[in-house]
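The values are calculated or read from the model by the stated rules, or taken from the named source; none is laboratory data. Because the structure is predicted, anything quoted here is derived from the model rather than measured. So basically every Cβ, Gly included, is an ideal-geometry build from the backbone, and we count neighbours across all protein chains shown. Just the protein is used for accessible areas: all its heavy atoms, side chains included, with ligands, DNA and RNA removed. Shrake-Rupley method; radii C 1.70, N 1.55, O 1.52, S 1.80 Å.
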Amino acid sequence: MSRLSELRQEAEWRKCVRDESYFLRKYWHIAHPAHGRILFDLRAAQSEALRRWADCRYSLTLKARQIGWTTLIAAHQFWLAFFKDDQNIIDLSRTEREAVLLLRKTKYGHKYLPDWMLERGPKSMVDHQQRMVFSNGSQVTSMPSASDPARGESASLVVVDEWAFLPNPEEAWASIEPVADVGGRIIGLST
């Protein structure tokens, strides 16, 4: 590879680090039910959500089904874990099946990144159906919201998917809320 190509890739890497929306539009693939693998063309509301998530420690989104919010969360948590060091991201879903499916969306986009980006970025250390760990100290763990799901954890981000349908949302909040007291963020989604 020429020195010019290396410099271009490094400039592109730095742009992806600075601008999450740019990274998602240019490099993040999603599985579309009708069109197969496509680049993630963010809608205006999704771009606004990314800005809000960056600015606010607590975020709760009332959403419709099948409009791409869980896909957006999957992409957002990957961007944080891949481009930022020492991120501990915890996904909480209603059931183990839903936890696995959420992380599968994150792994799908990771699988289709260009080779140069995978070589430049942190290496994947653990690839389990409910966990991804990178060599930069970041990890994404997806689990069902059983009793005290995040108690004792020190997380930079907790994502709660379908919060209204958790078996005991009040108990989940009681175990999650202390995470935010020490600087972590919480993103809740529900229909």
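The table below lists the values:
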{"item": "Charge-dipole axis of the chain as Lys and Arg at +1 and Asp and Glu at -1 on Cβ define it, positive-most pick from Val140, Tyr108, Val126", "result": "Tyr108"}
{"item": "Kirkwood-based shape ratio for segment 67-151, expressed as Rg/Rh from alpha carbons", "result": "0.97"}
{"item": "Net charge dipole size for segment 1-132 [Lys, Arg +1 and Asp, Glu -1 on Cβ; Debye, nearest 20]", "result": "300"}
{"item": "Phe165 versus Cys56: modelled label distance in nm, points set 7 Å from Cα along the beta carbon direction", "result": "2.3"}
{"item": "Of all accessible heavy-atom area on the chain, the percent that carbon and sulfur account for (1.4 Å)", "result": "51"}
{"item": "Summed side-chain charge close to Gly137 - residues other than Gly137 whose Cβ falls under 9 Å, Lys, Arg +1, Asp, Glu -1", "result": "-2"}
{"item": "For segment 87-104, 3J(HN,Hα) per residue [Karplus equation, 6.51 cos²θ - 1.76 cosθ + 1.60, θ = phi - 60°, Hz, x = Gly/Pro]", "result": "8, 10, 10, 10, 9, 10, 10, 4, 10, 5, 4, 5, 5, 5, 5, 5, 5, 4"}
{"item": "Value of [θ]222 nm, deg cm²/dmol, for the chain, DSSP H segments ≥ 4, -39500 (n - 2.57) each, nearest 500", "result": "-14000 deg cm²/dmol"}
{"item": "Environment charge of Leu113, counting only residues whose C-beta is closer than 15 Å and scoring Lys/Arg +1, Asp/Glu -1", "result": "+4"}
{"item": "Listed values (i) 17.0; (ii) 19.3; (iii) 18.4, entry calculated as Kirkwood radius over Cα pairs in Å", "result": "(i)"}
